[in-house]
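Novice: Before I ask anything, here is the structure I am working with.
The values are calculated or read from the model by the stated rules, or taken from the named source; none is laboratory data. Predicted model only: the values in this text are computed from it and were never measured. Backbone-built Cβ (ideal geometry, glycine too); neighbour counts: all protein chains shown.
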Amino acid sequence: MYKNVYKKIKDNFSLSLNRGLTLVELLVVIAIFLVITGSIMFDYNGFRSSVSLQNLTDDVALSIRKAQGFAIGARGVNNTFSSGYGVHFSTNSSVGTLAASSKSFLMFKWDYSALANKRYVYTQVGNCGDLTNNNCIEAFGITTADYIKSITVDGTLMGSQSYLDIVFVRPNSRAYFCYRTNVNNDCDSTNISSVSIKISNGQVAPNEKTKIISVQNTGQISISN
């Protein structure tokens, strides 16, 4: 009796091993694989966009903090010790080489002896880093789809032709602001208590994602959605 039971179990086991997959089972497996792969690819694109946006936002905030650090500390740039350091922003889509745009921003030095208002001086002479011809220290280009979407001054959204300078004067941590609508002109407004710079991932609604860097005149820098 035991031999018959053993033989039956052995035959059933051998049959199950040799049977393989049916066409229906194979199609089900392929369908599940395609669904999982599609979900991963969809989430990856969104994840990549979110990471790119966060990286740019961090770069902007760190550049502002870097200018603040130069002003607070005793560090000069290329053996030049200016009265202050700042970051120059713009929402303009097309400007000169040494001016910021919606796809770039600049770090610059500010000299009290040359300017009364704390602002970036736009020039087309030389390259960024050539402090003998201009006051641009470092240029930051945005090579991804992200861009600087808008500038807000004291809670008021500014237009598409906006320029903003955030300046820190040695040896204090407080921030000074200069807003203007023409990069060649002096400041339109300097009595500003806070500014915000909105960064977009370059997509349209409902897929657009944004980050906001806010700076208070006390020198506080924060990031929000």
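Novice: Where the second residue is surrounded by fewer than 14 Cβ atoms within 10 Å (Cβ to Cβ) and at pLDDT below 95 and the first is closer than 13 Å to Gly219 by Cβ and of a type in the set (Gly, Ala, Ser) and lies in the range 151-173, which pairs have Cβ atoms under 7 Å and are six or more apart or on separate chains?
Specialist: Going by the 7 Å Cβ cut-off, there are no qualifying pairs.
Novice: Additional query: Those residues that are part of a loop (DSSP other than H, G, I, E, B) and free of Cβ contacts under 8 Å to residues at least 40 places away in the same chain, I need them from the range 174-186; list them, please.
Specialist: Within the range 174-186, Thr181, Asn182, Asn185 qualify.
Novice: Show the residue pairs that are 6+ apart or on different chains and have beta-carbon atoms under 7 Å apart, the first residue being within the range 197-208 and within 10 Å of Tyr147 (Cα to Cα) and free of Cβ contacts under 8 Å to residues at least 60 places away in the same chain, the second being part of a loop (DSSP other than H, G, I, E, B) and small (Gly, Ala, Ser).
Specialist: Short answer, once both residue conditions are applied: Gly202/Ala145.
Novice: A follow-up question, please. Here is a list of conditions, (1) more than 16 Å from Asn92 (Cβ to Cβ); (2) surrounded by fewer than 18 Cβ atoms within 10 Å (Cβ to Cβ); (3) within 20 Å of the chain's Cα centre (by Cα), and Pro171 meets all of them except one; can you say which number that is?
Specialist: Single failed check for Pro171: (3).
Novice: Working only within the range 108-163, note down all residues that are among the charged types (D, E, K, R) and closer than 21 Å to Phe177 by Cβ.
Specialist: Those that are among the charged types (D, E, K, R) and closer than 21 Å to Phe177 by Cβ: Lys109, Asp111, Lys118, Arg119, Glu138, Lys149, Asp154.
Novice: Return the residue satisfying two criteria in turn: it lies in the range 129-149 and is part of a strand (DSSP E or B) and over 13 Å from the mean Cα position of the chain (by Cα), and of such residues it is farthest from Ser83 (Cα to Cα).
Specialist: Ala139
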